[in-house]
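Novice: This is the structure, below, for whatever I ask next.
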Amino acid sequence: MKFESPVPVQWVAEYTGARLVGNDTQEATGINEIHKVTNGDISFVDFEKYYNASINSAATIIIINKEVPCPKGKTLLVIDDPFAAYVKLVKRFRPFQPAYQMISDTALIGEGTHLQPGVFIGNNVRIGANCLIHPNVTIYDHTIIGDNVIIHAGCVLGADAFYFKRRRDQVMQYDKMESCGRVVIEDNVEIGAGSTIDKGVSGDTIIGAGTKLDNHIHIGHGAVIGKNCLFAAQVGIGGKAIIEDEVILWGQVGVSKDLTIGKGAVVMAQSGVPASLDGGKAYFGSPVGEAKPKMREMAWVKRIPELWEKVYGNKNL
Amino acid sequence: MKFESPVPVQWVAEYTGARLVGNDTQEATGINEIHKVTNGDISFVDFEKYYNASINSAATIIIINKEVPCPKGKTLLVIDDPFAAYVKLVKRFRPFQPAYQMISDTALIGEGTHLQPGVFIGNNVRIGANCLIHPNVTIYDHTIIGDNVIIHAGCVLGADAFYFKRRRDQVMQYDKMESCGRVVIEDNVEIGAGSTIDKGVSGDTIIGAGTKLDNHIHIGHGAVIGKNCLFAAQVGIGGKAIIEDEVILWGQVGVSKDLTIGKGAVVMAQSGVPASLDGGKAYFGSPVGEAKPKMREMAWVKRIPELWEKVYGNKNL
Amino acid sequence: MKFESPVPVQWVAEYTGARLVGNDTQEATGINEIHKVTNGDISFVDFEKYYNASINSAATIIIINKEVPCPKGKTLLVIDDPFAAYVKLVKRFRPFQPAYQMISDTALIGEGTHLQPGVFIGNNVRIGANCLIHPNVTIYDHTIIGDNVIIHAGCVLGADAFYFKRRRDQVMQYDKMESCGRVVIEDNVEIGAGSTIDKGVSGDTIIGAGTKLDNHIHIGHGAVIGKNCLFAAQVGIGGKAIIEDEVILWGQVGVSKDLTIGKGAVVMAQSGVPASLDGGKAYFGSPVGEAKPKMREMAWVKRIPELWEKVYGNKNL
């Protein structure tokens with residue numbers, strides 16, 4: 001998320017109640033996730049094992065729960081609860097704005113684009129030319145849609161990230177990470193009925209040009225889907241997964257968060273992908289393996305009784 | 001379901017055409033399921049193997065398809081088809097009421113609660129304070145929602161139980177069990193886009209306080225979900241399942257009906273749960289087992305070819 | 001899809017730019033898929049291995065990308081890109097018609113049928129008597145619904161087929177197969193909340209009388225579901241699958257396209273069906289097998305360590 005105009009880092013320190021260490025003259029231009037930050041961005045870190053990655057990222061302002069050596073030119077904002085500080089900033093710079101009409105006055109709709117009845121378009125949404133949005137679709141604030149996009153009925157674009165912090169202070173509870181990212185749909189995408197694409201926590205969830213999604217598909221917060229991918233019905237993609245171009249996922253495949261599926265990979269139906277996969281290969285199983293060894297594995301399983309009989313002289317189960 | 005006012009049991013016998021055995025002076029105060037009945041409730045049973053459980057439950061009025069010894073003070077309503085009698089009562093006391101506007105006049109909406117456009121709120125719905133209901137959500141009649149609840153776009157709360165009785169009289173058909181239960185959402189729950197929570201057949205489907213559901217989740221009729229649970233996208237929970245507090249279900253987990261998952265259990269992605277699980281442990285697989293033995297099992301499978309070679313001197317498949 | 005009135009085959013040749021071979025005097029009465037064509041239908045084929053099936057089908061007009069011997073009385077329309085010709089015809093005879101109101105004036109709604117608020121009914125939809133359509137349901141153009149049908153909130157009937165042709169001319173892209181088929185829901189069907197049923201590419205997607213679908217179910221384009229089937233939540237059915245009468249699919253079952261599941265088959269939860277199954281049996285697993293051998297297979301897997309120990313004298317993993 002980018003701020004509408006830059007904000008002095010001293011103001012950020014004061015607003016969040018953090019102690020400023022290092023550069024106290026720069027301006028913050030936005031908020032983003034560690035893997036997407038650029039110069040001027042605020043990032044946050046509250047786990048020691050991510051300190052180095054965060055401090056050495058492109059982020060120039062880091063909200064952190066311990067004072068560590070600050071790289072030259074950067075700013076640390078030291079505070080006990082970086083998560084809460086971050087949420088406070090998001091609520092300040094991207095507060096929820098109630099809608100009272102189905103199509104926001106601040107939405108920009110391109111030429112030749114048709115919205116069927118019952119479509120909700122939130123604030124600051126931009127939709128390109130020659131799109132067709134079918135009935136009862138919901139498009140949350142700040143979503144960006146390219147040209148020639150088709151969205152079937154009942155889809156939801158831009159709902160909040162499913163991202164909570166477990167607390168065990170006096171009582172157990174989950175605190176909500178307010179999300180300020182967007183959903184970005186590139187040109188020539190088609191999205192099947194009843195699919196949902198969540199916004200990123202602070203970065204964007206992106207569906208690459210020419211990608212076609214079937215019905216009931218779930219794309220988690222901050223996932224980046226490449227160009228010309230094909231996902232069959234009921235596929236689910238976890239948060240911040242990266243799916244490269246021309247990947248094919250068959251029905252009911254589940255993909256975990258924070259991994260990469262390489263270009264042109266094909267994952268067979270109902271497979272579960274817990275970790276990154278190389279491109280250009282076919283996969284199967286839950287958890288997934290390369291398809292051919294997996295098929296052989298299944299054939300070997302059927303031979304256990306024979307092997308048992310050879311060893312024991314019987315195959316009583 | 002509770003009646004608005006108590007109903008004489010003789011009237012119930014007459015209305016359903018049942019023969020009254022036992023106490024003919026008490027009043028019926030509601031209808032409920034065998035595992036949730038309290039004093040004054042009507043229950044029904046049409047399978048001999050459930051006779052005892054039904055007659056010895058807290059229900060004081062039992063619709064039954066055979067005369068059996070009636071406990072003192074209770075009432076049996078004997079009729080060939082208890083299912084049909086039950087449905088007739090539900091249709092009488094909780095008939096479907098057509099709506100002609102998006103927000104029912106009989107709905108109570110708490111202070112600070114905002115309904116986005118396109119939300120449907122049925123009759124007698126109660127929503128607490130400071131809730132946010134996103135566009136195109138449907139909330140059926142009689143649903144109860146607490147405070148600080150967030151419901152994302154496209155959700156459906158309170159649709160009918162998926163509960164049918166197979167008939168093979170002249171022709172095969174399924175008769176619909178009319179449902180008269182409710183959906184009850186406690187405080188601080190968040191429900192992801194496109195999720196559906198069915199009402200109970202005659203009891204309540206409950207989502208405990210602080211529980212967070214991701215997108216495309218299905219909660220079956222009469223399920224009781226504990227507090228501070230976390231369910232990832234595309235999880236499905238069968239009817240009347242009991243999920244205790246702080247259970248975590250990862251993406252695409254399926255849980256069968258009529259079972260219990262103990263407090264704090266964690267079930268890994270795509271697992272299938274056919275029977276009850278102890279709390280405090282991690283599980284994996286379809287059908288599910290404890291995660292570590294299951295992982296070892298998968299490692300053993302990969303050693304079959306080696307074992308085969310040791311025994312047979314080759315590993316030709 | 002049937003045309004409103006017959007069209008001379010010479011006009012079709014001219015409109016698509018195809019070369020006419022064979023009978024040049026007949027009239028085309030509609031467009032259909034190879035397994036559903038009847039006399040007067042146009043079909044198309046662009047893979048050599050399907051030439052024979054297409055030419056010998058009941059279709060009397062075949063759009064084809066190579067001149068082959070033409071059966072007496074039939075017409076070949078020879079063109080480099082039959083897919084594009086077909087799409088051009090569909091766009092001509094069944095163009096998308098924008099809607100500007102929730103209930104089309106051309107829809108026919110039967111007596112005793114009630115539409116809850118927020119329902120979208122497209123052009124030329126026909127709904128029978130005594131149906132109940134819950135809020136925020138979307139019914140695309142040309143859908144046909146029988147009597148006594150219940151459709152729960154958030155369902156989408158008649159969205160486009162998920163059917164694309166991969167092109168690699170200068171750049172890789174997917175071309176959309178415009179679909180002109182319909183969704184046909186027979187009498188006494190109930191469809192659970194948030195389910196989606198896609199229209200056929202040129203034939204019909206059919207849900208047989210008395211069939212009950214739970215929530216979040218996906219039925220692909222052109223699938224034909226028999227009578228009195230029962231599908232639990234989150235089941236997905238691929239395009240053109242044939243599910244015969246009285247089949248029961250438990251939760252999260254996935255069924256591939258272009259196969260048949262025989263009458264009365266029962267498929268247990270989370271199973272994946274990649275190929276046809278005989279009727280009257282129970283199945284389990286992904287990929288699916290008959291339930292009993294599959295259960296035994298799982299029991300054998302648990303004995304590998306014992307077998308290993310017998311052979312090697314230890315069971316170290």
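Novice: Is there a residue in the stretch B:87-96 that is within 14 Å of chain C (Cβ to nearest Cβ), within 26 Å of the chain's Cα centre (by Cα) and in a loop (DSSP other than H, G, I, E, B)?
Specialist: yes
Novice: Listed residues B:Lys72, B:Lys165; which is surrounded by fewer than 17 Cβ atoms within 10 Å (Cβ to Cβ) and in contact with a helix residue (DSSP H, G or I) (Cβ under 7 Å, 6 or more places away or on another chain)? So that I can check it myself, show each step before the final result.
Specialist: Working: B:Lys72 fails: in contact with a helix residue (DSSP H, G or I) (Cβ under 7 Å, 6 or more places away or on another chain).
Checking each option against the conditions leaves just B:Lys165.
Novice: Identify all residues within the stretch C:97-113 that are surrounded by 13 or more Cβ atoms within 10 Å (Cβ to Cβ), within 14 Å of chain A (Cβ to nearest Cβ) and under 28 Å from C:Thr29 (Cβ atoms); write none if there are none.
Specialist: Within the stretch C:97-113, C:Ala99, C:Ser104, C:Ala107 qualify.
Novice: Follow-up question, since we're still on this one. Tally up the residues in the stretch B:15-37 that are surrounded by fewer than 18 Cβ atoms within 10 Å (Cβ to Cβ), more than 30 Å from the chain's Cα centre (by Cα) and more than 11 Å from B:Ile79 (Cβ to Cβ), please.
Specialist: Of the residues in that region, 3 qualify.
Novice: Here's something else I'd like to know. Out of B:Ser286, B:Ser256, report the one residue that is buried (at least 22 other Cβ atoms within 10 Å of the Cβ), of a type in the set (S, T, N, Q) and under 16 Å from the mean Cα position of the chain (by Cα). Explain how you work it out, then say what you get.
Specialist: Values: B:Ser286 fails: under 16 Å from the mean Cα position of the chain (by Cα).
Checking each option against the conditions leaves just B:Ser256.
Novice: Only one of these is of a type in the set (D, E, K, R), within 14 Å of chain C (Cβ to nearest Cβ) and farther than 27 Å from C:Pro135 by Cα: A:Glu178, A:Glu186, A:Glu190. Name it.
Specialist: On the way: A:Glu178 fails: within 14 Å of chain C (Cβ to nearest Cβ); A:Glu190 fails: farther than 27 Å from C:Pro135 by Cα.
Matching residue, one of A:Glu178, A:Glu186, A:Glu190: A:Glu186.
Novice: Exactly one condition in (1) within 14 Å of chain A (Cβ to nearest Cβ); (2) at pLDDT 95 or above is false for B:Ala265; which is it?
Specialist: With (1) within 14 Å of chain A (Cβ to nearest Cβ); (2) at pLDDT 95 or above applied to B:Ala265, the lone miss is (1).
Novice: Determine whether B:Pro274 is within 10 Å of chain C (Cβ to nearest Cβ) and more than 25 Å from A:Leu307 (Cβ to Cβ).
Specialist: yes
Novice: Would you say C:Val288 is at pLDDT 95 or above, more than 22 Å from C:Asn215 (Cα to Cα), in contact with a helix residue (DSSP H, G or I) (Cβ under 9 Å, 6 or more places away or on another chain) and within 7 Å of another protein chain (Cβ to nearest Cβ)? Full working, then the answer.
Specialist: Working: at pLDDT 95 or above: yes; more than 22 Å from C:Asn215 (Cα to Cα): yes; in contact with a helix residue (DSSP H, G or I) (Cβ under 9 Å, 6 or more places away or on another chain): yes; within 7 Å of another protein chain (Cβ to nearest Cβ): no.
Answer is no for this residue.
Novice: Given A:Glu306, A:Glu297, which one is surrounded by fewer than 23 Cβ atoms within 10 Å (Cβ to Cβ), within 7 Å of another protein chain (Cβ to nearest Cβ) and either over 15 Å from the mean Cα position of the chain (by Cα) or part of a loop (DSSP other than H, G, I, E, B) (or both)? Break it down into steps so the answer makes sense when it comes.
Specialist: On the way: A:Glu306 fails: within 7 Å of another protein chain (Cβ to nearest Cβ).
Within the list A:Glu306, A:Glu297, the selection yields A:Glu297.
Novice: Further question on the same structure: Considering only the stretch A:242-266, how many residues are of a type in the set (Lys, Arg) and either touching a helix residue (DSSP H, G or I) at 6+ places or on another chain (Cβ under 8 Å) or over 22 Å from A:Lys292 (Cβ atoms) (or both)? Show your work before the answer.
Specialist: Initially, the stretch A:242-266 is screened for residues of a type in the set (Lys, Arg), giving A:257, A:263.
So of that shortlist, the ones also either touching a helix residue (DSSP H, G or I) at 6+ places or on another chain (Cβ under 8 Å) or over 22 Å from A:Lys292 (Cβ atoms) (or both) come out as A:257.
Count: 1.
Novice: Now a separate question. If you take the residues in the stretch B:114-133 that are facing another protein chain (nearest Cβ under 7 Å) and in a loop (DSSP other than H, G, I, E, B), which one is surrounded by the fewest Cβ atoms within 10 Å (Cβ to Cβ)?
Specialist: Residue satisfying both the conditions and the ranking: B:Pro117.
Novice: Checking the condition in contact with a His (Cβ under 6 Å, 6 or more places away or on another chain) and within 13 Å of chain C (Cβ to nearest Cβ), which residue from B:His152, B:His221 passes? Write out each step before concluding.
Specialist: Working: B:His221 fails: in contact with a His (Cβ under 6 Å, 6 or more places away or on another chain).
From the options B:His152, B:His221, the qualifying one is B:His152.
Novice: Does the stretch B:157-188 hold any residues that are farther than 21 Å from C:Gly251 by Cβ, of a type in the set (A, V, I, L, M, F, W, C) and within 14 Å of the chain's Cα centre (by Cα), and which are they? So that I can check it myself, show each step before the final result.
Specialist: So the first thing to find is which residues in the stretch B:157-188 are farther than 21 Å from C:Gly251 by Cβ, and the list is B:167-173, B:175, B:178, B:180, B:182, B:184-188.
Then keep just the ones that are of a type in the set (A, V, I, L, M, F, W, C); that gives B:171-172, B:180, B:184-185.
Result: B:Cys180, B:Val184, B:Ile185.
Novice: If you don't mind, there's one more thing I want to ask. Could you tell me whether A:Ala13 is in contact with a strand residue (DSSP E or B) (Cβ under 8 Å, 6 or more places away or on another chain), outside any strand (DSSP E or B), at pLDDT below 95 and farther than 30 Å from B:Cys131 by Cβ? Can you show your working first?
Specialist: Working: in contact with a strand residue (DSSP E or B) (Cβ under 8 Å, 6 or more places away or on another chain): yes; outside any strand (DSSP E or B): yes; at pLDDT below 95: no; farther than 30 Å from B:Cys131 by Cβ: yes.
So A:Ala13 does not fit the description; no.
Novice: I'm told B:Ala85 meets every condition in (1) in contact (Cβ under 8 Å) with a residue 24 or more places away in the chain; (2) surrounded by 20 or more Cβ atoms within 10 Å (Cβ to Cβ); (3) over 19 Å from B:Glu178 (Cα atoms) except one. Can you identify the failing condition by its number?
Specialist: It fails just one condition, (3).
Novice: Here's something else I'd like to know. Can you spot a residue in the stretch A:156-179 that is of a type in the set (Val, Ile, Thr) and under 30 Å from C:His152 (Cβ atoms)?
Specialist: Filtering the stretch A:156-179 for residues of a type in the set (Val, Ile, Thr) gives A:156, A:171.
Remaining after also requiring under 30 Å from C:His152 (Cβ atoms): A:156.
Looking for residues that are of a type in the set (Val, Ile, Thr) and under 30 Å from C:His152 (Cβ atoms), one finds at least one in the stretch A:156-179, hence yes.
Novice: Check A:Tyr283 against each of (1) farther than 23 Å from B:Gln234 by Cβ; (2) touching a residue at least 12 places away in the same chain (Cβ under 8 Å) and name the one condition it does not meet.
Specialist: (1)
Novice: Something else: Which ones in the stretch C:297-317 are farther than 14 Å from A:Val301 by Cβ, in contact with a helix residue (DSSP H, G or I) (Cβ under 7 Å, 6 or more places away or on another chain) and among the charged types (D, E, K, R)?
Specialist: C:Lys310, C:Lys315
Novice: Read through the list (1) buried (at least 23 other Cβ atoms within 10 Å of the Cβ); (2) small (Gly, Ala, Ser); (3) within 11 Å of another protein chain (Cβ to nearest Cβ), then give the number of the only condition that B:Ala209 fails.
Specialist: Just one mismatch for B:Ala209, condition (1).
Novice: Taking C:Phe231 as meeting all but one of (1) closer than 30 Å to B:Met295 by Cβ; (2) within 10 Å of chain B (Cβ to nearest Cβ), write down the number of the exception.
Specialist: Exception for C:Phe231: condition (1).
Novice: Condition (residue is over 16 Å from the mean Cα position of the chain (by Cα) and either surrounded by fewer than 24 Cβ atoms within 10 Å (Cβ to Cβ) or assigned by TED's automatic domain parsing to the domain that holds B:Glu33 (or both)) applied to the stretch B:230-243: is it met by at least one residue?
Specialist: yes
Novice: Taking the condition farther than 25 Å from B:Met268 by Cα, surrounded by fewer than 16 Cβ atoms within 10 Å (Cβ to Cβ) and more than 9 Å from chain B (Cβ to nearest Cβ), does A:Lys315 pass? Spell out how you get there, then give the answer.
Specialist: Working: farther than 25 Å from B:Met268 by Cα: yes; surrounded by fewer than 16 Cβ atoms within 10 Å (Cβ to Cβ): yes; more than 9 Å from chain B (Cβ to nearest Cβ): yes.
Answer is yes for this residue.
Novice: Taking the stretch B:157-190 only, how many residues are within 21 Å of B:Tyr86 (Cβ to Cβ) and outside any strand (DSSP E or B)?
Specialist: Pass one, the stretch B:157-190, residues within 21 Å of B:Tyr86 (Cβ to Cβ): B:158-169, B:173-183.
Within this subset, residues satisfying the condition of being outside any strand (DSSP E or B) are B:160-163, B:169, B:177-181.
So the count comes out to 10.
Novice: Within the set of pairs 6 or more residues apart or between chains, which connect a residue that is among the hydroxyl-bearing types (Ser, Thr, Tyr) inside the stretch B:218-230 to a residue that is assigned to a strand (DSSP E or B) with Cβ atoms less than 7 Å apart?
Specialist: none
The values are calculated or read from the model by the stated rules, or taken from the named source; none is laboratory data. Owing to the predicted nature of the structure, the values given are computational and were not obtained by experimental measurement. Please note: Cβ atoms are built from the backbone with ideal geometry, for glycine as well, and neighbour counts cover all protein chains shown.
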